[in-house]
Amino acid sequence: MRFEKGLFLYNEQAGKGPVPISEKILPLIQEAVENVVEHVLTFSGEGEEVCFQSGGHYDIIIIYGGDGTVHDCINGIARLKSRPVVAVLPGGTCNDFSRSIGVPDDMESACRIVKTGVIREVDIGVMNDRFFVNFWGVGLITDTSENIDENKKSRIGKMSYYLSTLSRHLTVRLNRSILDSSALFEKSGSQ
């Protein structure tokens, strides 16, 4: 499939770290999109803003980032009267959404889907005026996601989600005393 005009949004802060955009990804995208406009996302909410303000001017929006970047961009795209095709390239820590729609984790294979892939519709949910494509959660999953330590996430990736869950919800009983999770994850020597 060939698109005339595309917007390539990428989050350099996404979980996989720096990627050679110009050397590796852009040439593969240009095989499928004649005119590509690049935009680096630098702050939370920027993807939503850019997609809503200018998304209607493109045939395709290609999003490189993780689930948070995809969520951000979808909240701009979903509000458009006429929506472009959306392609997702996995660049985050977990990439749940891209994996669930069958996008390969290998970047070259993922980029080739933009050229050879079949366009399919994906349901978009809405809750409290916010859109979502991956999942909607309450309770433990929400608490865990909202309390991720970004430093740990950048150092240990997916494991940071498990640690977040444990640190928020683990209580241990020792000799009739209760030790809550905050004590388990403090640095040694701190009170």
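Just so you know, all these numbers are worked out from the coordinates, no wet-lab data involved. For clarity, every value in this text was computed on a predicted model and none was experimentally measured. Ideal geometry is used to build each Cβ from the backbone, glycine not excepted, and the neighbour counts take in all protein chains shown.
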Calculated from backbone phi, Karplus (6.51, -1.76, 1.60) coupling profile of the stretch 34-48 in Hz, x at Gly/Pro: 5, 10, 10, 9, 9, 9, 8, 8, 10, 8, 4, x, 5, x, 4
Three-way shape call for the stretch 3-132 based on the alpha-carbon gyration tensor, with the a/c threshold at 1.5: rounded
Amide H partners (placed H, <5 Å) of E38, local residues excluded: F8
Placed amide H near V33: partners under 5 Å, 5+ positions off or other chain: F3
Extension gain from V118 to F131, taking 0.36 nm per residue of separation minus the Cα-Cα distance: 2.3 nm
Under Karplus coefficients 6.51, -1.76 and 1.60, residue-wise ³J(HN,Hα) of the stretch 90-96 in Hz, glycine/proline x: x, x, x, 6, 10, 6, 4
Built amide H within the under 5 Å cut-off of G91, gap 5+: G65, G66
Least to most buried among S22, S98, S54 (fewest other Cβ within 10 Å first): S22, S54, S98
Karplus-derived HN-Hα couplings along the stretch 66-72 (A = 6.51, B = -1.76, C = 1.60, θ = phi - 60°), whole Hz, x at Gly and Pro: x, 4, x, 5, 4, 4, 4
Of the chymotrypsin sites (Phe, Trp or Tyr not before Pro) in the stretch 2-77, those whose Cβ has at most 14 other Cβ within 10 Å and which sit in DSSP loop: F43
